[in-house]
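**Q** Next up is a structure, given as structure tokens.
The values are calculated or read from the model by the stated rules, or taken from the named source; none is laboratory data. Just so it is clear, the model here is predicted, and its values are computed rather than measured. Virtual Cβ from ideal backbone geometry, glycine too; neighbours counted across all protein chains shown. Note: accessible area is taken over every heavy atom of the protein model, side chains too, but ligands, DNA and RNA are not part of it. Shrake-Rupley method; radii C 1.70, N 1.55, O 1.52, S 1.80 Å.
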Amino acid sequence: MKKLLALAIVSTIGFGATAAQAEGLYVGGDLQLQQQTMKGNGDKQKTKLGSINGKVGYEVNEYFSVEGRAGMGVKSGKYNAVKAKEKYNVGAYALASYPITDAFSVYGLAGYSYGKVSLEDKGHKEKASLKGLSYGIGAKYKVTEQIALTTEVGHYGKYKKGDTKVSKEAVSLGVQYSF
């Protein structure tokens, strides 16, 4: 009986700690329009790509959050004859927020991104890894206590091979649900 009582107490404490931790937890998704710029051999080209992304985060307090993101490409683009499409992207970020009102806040983010882009030219396929330091700014508007709309502009990694350099900038619109 003592073991059963001890197990019940430990389970209750564990459940309470989990519920308390869930208070800062949030999930969300966004649509992202990317502009990837390719520079090489004195030439500069741009293409527009699109992705859909999911995120899971934890709001430590109203000023600081951490989150992980993952997504996949949904819209391909072209650099002249080279077709480009993002296969996937992942990233980890720290967000510093500043509340303007109870419902509206702005934030800056910094972290690391990694993504794969497939490039195809006349049957020749190649994959490029866009990775590195990521940073940006955004805004969040709470529609309700749990639901918020977000928008963001940022730089999400780069690729370099020989003289060719590709960088990824993007703007996104999303929704977020806080527990």
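**Q** Compute the acute angle (0 to 90°) between the alpha-carbon long axis of helix 2-22 and the principal axis of greatest extent of the alpha-carbon atoms of the chain; round to the nearest 10°.
**A** Result, in degrees: 40.
**Q** Still on this structure, I have one more. For LEU25, what accessible area in Å² do you get when you roll a 1.4 Å probe over the heavy atoms of the protein chains, rounding to the nearest 10?
**A** Around 60 Å² of this residue is reachable by solvent.
**Q** So which GluC sites (Glu not before Pro) in the range 109-179 pass both tests, a DSSP loop state and at most 16 other Cβ atoms within 10 Å of the Cβ?
**A** Numbers: sites: GLU120, GLU126, GLU145, GLU152, GLU169; in loops: GLU145.
Qualifying residues, ordered by number: GLU145.
**Q** Using 0.36 nm times the number of residues separating HIS124 and PHE64, minus their current alpha carbon distance, what extension gain do you get? All intermediate terms of the calculation are to be shown ahead of the outcome.
**A** Values: separation 60, 0.36 × 60 = 21.60 nm, distance 4.50 nm.
So the chain would gain 17.1 nm between HIS124 and PHE64.
**Q** Just add up the charged neighbours of LYS75: K/R +1, D/E -1, any other residue whose Cβ is under 10 Å from the Cβ of LYS75.
**A** Once all neighbours under 10 Å are counted, the net charge is +1.
**Q** To continue, here is another question. Report the residue, chosen from VAL90, VAL166, VAL143, that carries the largest GNM mean-square fluctuation when the chain is represented by alpha-carbon nodes joined by springs under 10 Å.
**A** VAL143
**Q** Beyond 24 Å between alpha-carbons counts as too far, so tell me which of LYS44/LYS160; LYS55/LYS83; LYS46/LYS142 fall in that bin.
**A** Values: LYS44/LYS160 14 Å; LYS55/LYS83 28 Å; LYS46/LYS142 34 Å.
Listed pairs above 24 Å: LYS55/LYS83; LYS46/LYS142.
**Q** GNM on the chain, C-alpha springs below 10 Å: top fluctuator among ASN41, ASN61, ASN80?
**A** ASN41
**Q** Could I ask something else about it? Taking the Cβ-Cβ separation of ASN80 and ILE137 as r and a Förster radius of 35 Å, what is the calculated FRET efficiency to the nearest 0.05?
**A** Details: r = 32 Å, r/R0 = 0.91.
Efficiency computed from Cβ-Cβ geometry: 0.65.
**Q** Here is a further query. So what is the calculated 222 nm ellipticity per residue for the chain, using -39500 (n - 2.57) for each DSSP H run with n of 4 or more, over all residues, to the nearest 500 deg cm²/dmol? List each step's numbers first, then the result.
**A** Details: 1 runs with 21 residues, N = 179.
Estimated from H runs of four or more residues: -4000 deg cm²/dmol.
**Q** Same structure, new question: Which whole-number value in Å² is the accessible area per residue of the chain, probe 1.4 Å? Kindly include the intermediate steps, with their values, before the conclusion.
**A** Numbers: 10770 Å² over 179 residues.
Accessible area per residue, the chain: 60 Å².
**Q** Modelling each spin label as a point 7 Å along the Cα-to-Cβ direction, I'd like the VAL56/GLN146 distance in nm, to one decimal.
**A** Each label point lies 7 Å from its Cα, and together they span 1.8 nm.
**Q** Taking the Cα centre of the range 97-167 as origin and charging only Cβ (+1 Lys, Arg; -1 Asp, Glu), how large is the dipole, in debye to the nearest 20? Could you put the intermediate results ahead of the total?
**A** Working: 11 positive and 7 negative charges, 88 e Å.
Charge dipole, the range 97-167, about its Cα centre: 420 debye, nearest 20.
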